[in-house]
Amino acid sequence: MKRIGLTGGIGSGKSTVARMLADAGFPVVDADKIARQIMEPGSPVLAKVGEVFGADLIGEDGQLNRAELARRAFGSEETTQQLNAITHPAIREESERQFAAAEAAGAKAAVYDMPLLVEQGLHEQMDLTVVVDVDAEERVRRLVSSRGLDETDARARIARQIGDAERRAAADVVIDNNGSLEELKPQVEALVSEIREL
Ligand code: ADP
């Protein structure tokens, strides 16, 4: 089974492209969704997060206070890495499990929807790396208008990610999503054909 890495900066339209690929019949392993799943109430990853970052992060209902964890963890490089050391192996393990399930179900290709694909060097393990590319200013506009982020937050999140040029350099295929959704569609169709020929 071929692995198709799909990535892009926040607000680039990566989830939109992932949905189109799912509609075309490809199983999608969604790293963001897995990142949330592994911190569900009662999970061993959540218990470890409580141990390291404070038991008060976990409410009486067992739910994690994500905003407060972000404040405690993302303030310094050291604490960011501490959190990553807890979560990343669990995300990798569950991703592998889902790839194996897709393969067992007979899929010829599966998509890895992964914001940090290039940051983590995982593009090297993919058969095809697809980068969805949009100018940063347009991404800020879309994040503010359709996802309701405030502008400062949108800019801060973009600034924390790898630069667009570096991400593009890792791509086998660049999807230009600066235009309309109508302009995106034929590019995804071409990508679908390319994946089927792998
Ligand atoms: P990502 O998953 O990369 O963060 P999304 O797929 O959620 O990005 O897209 C960010 C926002 O921009 C969403 O609200 C989405 O509907 C919108 N969007 C995506 N592509 C386009 C486009 N070509 N034109 C206008 N809005 C778009």
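Once you divide the Cα radius of gyration of region 133-198 by 2.2 N^0.38 Å, the number left is 1.30. Applying 1/(1 + (r/R0)^6) with r as the Cβ-Cβ distance of Arg141 and Gln63 and R0 = 30 angstrom yields a FRET efficiency of 0.40.
Measuring with a 1.4 angstrom probe and ignoring ligands and nucleic acids, Ser193 comes out at about 60 Å² accessible. Each helix, a run of at least 4 DSSP H residues, gives -39500 (n - 2.57); summed and divided by the residues of the chain, these come to -16500 deg cm²/dmol at 222 nm. The relative contact order of the chain comes to 36 percent, based on Cα pairs under 8 Å that sit 6 or more residues apart.
Derived from the Cα gyration tensor, the three semi-axes of the equivalent ellipsoid of the chain are 29, 22, 15 Å, largest first. All C-alpha pair distances within region 36-95, sorted into 10 Å bins from zero, spread as 23, 59, 18, 0 percent across the bins. For the chain, please report how many Lys pairs fall under 20 Å Cα to Cα, leaving out neighbours fewer than 8 apart on the same chain. Summing the qualifying lysine pairs gives 5. The Cα atoms of region 1-102 cover 44, 28, 24 Å along the three principal axes, with the biggest extent listed first. Largest GNM mean-square fluctuation across Arg71, Arg167, Arg157, computed for the chain with C-alpha springs under 10 Å, falls on Arg71. In this rough spin-label picture, where each label sits 7 Å from Cα along the Cβ direction, the Arg157-Asp172 distance is 2.9 nm.
Shown for the chain: the carbon plus sulfur share of the solvent-accessible area, taken with all protein chains present and a 1.4 angstrom probe, equals 48%.
Heavy-atom accessible surface of region 36-95, averaged per residue, reaches 61 Å², computed with a 1.4 Å probe.
The stretch between Met1 and Ala70 holds 21.3 nm of extra length on full extension. This uses 0.36 nm per residue minus the Cα-Cα distance. If r is the Cβ-Cβ distance from Arg19 to Gln81 and R0 is 25 Å, what FRET efficiency results, to the nearest 0.05? It comes out at approximately 0.20.
The values are calculated or read from the model by the stated rules, or taken from the named source; none is laboratory data. Just so it is clear, the structure is predicted and the values come from calculations on it, not from any experiment. Note: ideal-geometry Cβ built from the backbone for every residue, glycine included; neighbour counts use all protein chains shown. Only protein heavy atoms, including side chains, enter the accessible area calculation; ligands, DNA and RNA are left aside. Shrake-Rupley method; radii C 1.70, N 1.55, O 1.52, S 1.80 Å.
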